[in-house]
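Enquirer: There's a structure below that I have some questions on.
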Amino acid sequence: MEELIGLELNETKGIFYISVDAKQVGKMTFVFAGNDQIIIDHTEVNPENKGKGYGKKMVAKAVEFAREKNIKIIPLCSFAKNIFDKTPEFRDVL
């Protein structure tokens, strides 16, 4: 099983996605808020893949992205907010 967590970007928004064996199983969308913040607005994982940790892996990828770009994350999506609430080591990007 090959797992890939990727990122697609344009000027105003982006998508973190996760694929397994070249099939997309989840995505997390965000928009840029100025030059130094992103707002995570939606996270979804295919129903047959719930409980496998894919959502948290996408949030972790967003945290990695934020750290690399020296930006902050505003988690409007309730799932992403819940992950930040439960994961103190991610809170430096809030």
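Enquirer: What ³J(HN,Hα) values, in whole Hz, does the Karplus curve 6.51 cos²θ - 1.76 cosθ + 1.60 give for region 87-92 when θ = phi - 60°, with x put for Gly and Pro?
Expert: 10, x, 6, 8, 6, 5
Enquirer: N49 to L76: FRET efficiency via 1/(1 + (r/R0)^6), r the Cβ-Cβ distance, R0 25 Å, to the nearest 0.05?
Expert: 0.65
Enquirer: By the scheme Lys and Arg +1, Asp and Glu -1, what is the net charge of all other residues having a beta-carbon under 11 Å from that of A60? Intermediate values should be presented prior to the final figure.
Expert: On the way: positive: K56, K57, K61, R67; negative: E64, E89.
Taking every other residue near A60 into account, the sum is +2.
Enquirer: Set the Förster radius R0 to 22 Å, insert the Cβ-Cβ distance between K86 and D41 as r into 1/(1 + (r/R0)^6), and round the FRET efficiency to 0.05.
Expert: Efficiency, from the Cβ-Cβ distance: 0.65.
Enquirer: Under 5 Å between amide H atoms, partner at least 5 residues away or on a different chain: which partners does N46 have, H built in plane at 1.01 Å?
Expert: HN-HN under 5 Å from N46: G26.
Enquirer: Here's another thing I want to ask about it. Using only Cα atoms, find the angle between the long axis of helix 54-69 and the longest principal axis of the chain, and express it within 0 to 90 degrees, rounded to the nearest 10.
Expert: 30 degrees
Enquirer: Just order 76-85, 52-61, 32-41 by mean Cβ neighbour count inside 10 Å, highest at the front, would you?
Expert: Details: 76-85: 16.6, 52-61: 19.5, 32-41: 14.9.
Listed from highest to lowest mean packing, they are 52-61, 76-85, 32-41.
Enquirer: Specify whether the C-alpha gyration tensor of the chain places it in the rounded, prolate or oblate class, a ≥ b ≥ c being the square roots of the eigenvalues: rounded for a/c under 1.5, otherwise prolate if a/b is larger than b/c and oblate if not.
Expert: It comes out prolate by the Cα gyration axes.
Enquirer: Mind listing the long-range amide H neighbours of K13? Cut-off is under 5 Å, sequence gap 5 or more, other chains count too, H placed in the peptide plane at 1.01 Å from N.
Expert: It is F32, by chain and number.
Enquirer: Residues with beta-carbon under 9 Å from that of E3, excluding E3: net charge, scoring Lys, Arg +1 and Asp, Glu -1?
Expert: Residues close to E3 contribute a combined charge of -1.
Enquirer: Here's something else I'd like to know. Report, by chain and number, residues whose modeled amide H sits under 5 Å from the one on I73, excluding near sequence neighbours (fewer than 5 apart, same chain).
Expert: So I73 has HN proximity to I38, L94.
Here, each number is a calculation from the coordinates, and none is a lab measurement. Small disclaimer: the values here were computed from a predicted structure and weren't measured. In this analysis, Cβ positions are derived from the backbone assuming ideal geometry, glycine residues included, and neighbour counts consider all displayed protein chains.
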